[in-house]
1. Report the local net charge at VAL239: Lys and Arg +1, Asp and Glu -1, summed over other residues whose C-beta lies under 15 Å from its C-beta.
2. Pull up all non-local amide H partners of PHE21: gap of 5 or more, or a different chain, and H-to-H distance under 5 Å with H placed in the peptide plane.
3. Rank these by accessible area, largest first, 1.4 Å probe: ARG260, ARG317.
4. Mind scanning LYS75/LYS316; LYS28/LYS75; LYS100/LYS199; LYS75/LYS102 and naming the pairs with a C-alpha gap bigger than 30 Å?
5. So what J values fall out for segment 328-340 if you push phi through Karplus, 6.51 cos²θ - 1.76 cosθ + 1.60 with θ = phi - 60°, rounded to Hz, Gly and Pro as x?
6. What distance in nm separates the simple spin-label points at LEU188 and MET338, each placed 7 Å from Cα in the Cβ direction?
7. PHE324 to LYS75: FRET efficiency via 1/(1 + (r/R0)^6), r the Cβ-Cβ distance, R0 41 Å, to the nearest 0.05?
8. With a probe of 1.4 Å, find how much accessible area segment 213-357 has per residue, and write the answer as a whole number in Å².
Amino acid sequence: MSKESIDCKNCESLLEPTFEFCPNCGQKTKEELTVGVLFYNTISNYFAVDARFFKSFIPLMVRPGYLANKFIQGKRLLYLHPAQLYLFISIVFFFLYSFKQKEQINAISAGVNVDEKVREATNSIASEIEKDSVAKAVFLEQMKKNQTALGIKDEDIKALDSIVKTKKPKDNLRFTFGFDEKKVDSLLAIKAPKEDIYKAMGMDESDGTLTRRFYAQMLKIYKNKGGIGNIIRAFYDTVPISMFFLLPIFAFILKLLFFRRGRFAHHLVFTFYFFAYLFTVFSILLLVNLLWDIIPGWVDFLIVLSTFLYLFLAIKRFYGQGWFVSLFKSWVATVTFMVLVLPIAGGLMLVFAFMFY
C-alpha cells in the first residue's frame, strides 16, 4: 500500500488513491452527497429488487414449484428471495385490501347503528301498545258496568273483549347484550363505580383478571356502539402479523406429509413461494374489482378454486411424487390448513382483537 493511500469513509479500510470503490464494503471512494446522488441510490436500489421481481413473476404465476426447486438447487441470486418476494407481494395485497376493509368496517358499523335504531323503535312501539292496551281495558270495563243502561248484549261485550286483547311483542324482537340494559343504563347515568356496573352485567366478585378484562371490553362496546367496528379493524390489523405464524404451520404440515423430502427449511421455501402466488392472485382480483367491479362472483370463485390446482401441480413438481399421491397430499394439506388451522387462528385473533382493541 502506497504512502498516498486513503481511508474508506464507510469501513475505514486503507485504499489506493486510484480505487473508485472500496474492495471491502463496495462504497464509492469519492462521492459527494447531493440530492441527485441520494435519489439515484434510492431508485437504483429499488429497481435492482424490482428487476429480479419481474424475473421471478412469470415463473411464479405459470410454473408451479419451479422457483422453489431452483432456490433449493442453489440459484439464489437469479430470482428474488422467497421471503422477500412474499413480503413484497403481501404488502401490495394488504394495501389494496385496506380499501375493501374500510368498506366492510363502515358497513358493519352502519349495521350496528341500524340495529340500535330498530331496537329503540321496537321498545317505543311496545310501550305504546302497552299504554293502548291499558286504555282499551279501562274502556271495556266501563262498557261492562253500563251494559244494561246502554242496552249492549253479552255477545257484543265478548266481541269487544276479543278485539281489546293485544299480545305484547316477543322478547326476542329486542336486540340485547345479554344483561339488564336498563339497570346498566341507570348506573351509567349516575356515574356508578365500574365494579358495580360489571356486577350488573353478570360478573362475580371471584372472577379473575381476564374475566374482568372481558367485562371492561363489553362495557366499552355497549357505551360506544361503533366499538364492534373497532374490533373488526383490530382483527384485520392482526392478519399480516399472524401470517408469519401461519406460514411456518403450513410448512410444518408439508413436513409431516413429506417427512423424508428435505429439511424444514425446504418446505418453508415452498410455502413462501406458494403464498406469494396466492397473494398475487388475490391482489389482481382486488385491483380489478376496486377499479371496475366487472368480475362476476362465480368467476372469482373459480379463480380461487384454481389455486388448489396450482398447489397440486407445485407439489407434484417440487416433491417429485406420483400424480395420485400428490393430489391426495395436496388435498390433505389444504383441508388441514383451512378446516383446522385457520378457524383456530381466526378465533384467537378475534379474541385478541376484542380483548386489546
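1. Neighbourhood net charge equals +2.
2. Those lying under 5 Å, H to H, from PHE21 are THR29.
3. ARG260, ARG317
4. On the way: LYS75/LYS316 20 Å; LYS28/LYS75 28 Å; LYS100/LYS199 39 Å; LYS75/LYS102 41 Å.
Correct reply: LYS100/LYS199; LYS75/LYS102.
5. 5, 6, 5, 5, 4, 4, 5, 5, 4, 6, 6, 8, 9
6. Distance between label points: 4.1 nm.
7. That pair, PHE324 with LYS75, gives E of 0.85.
8. Per-residue accessible area for segment 213-357 comes out at 54 Å².
The values are calculated or read from the model by the stated rules, or taken from the named source; none is laboratory data. Model, not experiment: these values are computed from the prediction. Note that each Cβ is placed from the backbone with ideal geometry, even for glycine, and that neighbours are counted across all protein chains shown. To get the accessible areas, we keep the full protein, side chains included, count just its heavy atoms, and leave off ligands, DNA and RNA. Shrake-Rupley method; radii C 1.70, N 1.55, O 1.52, S 1.80 Å.
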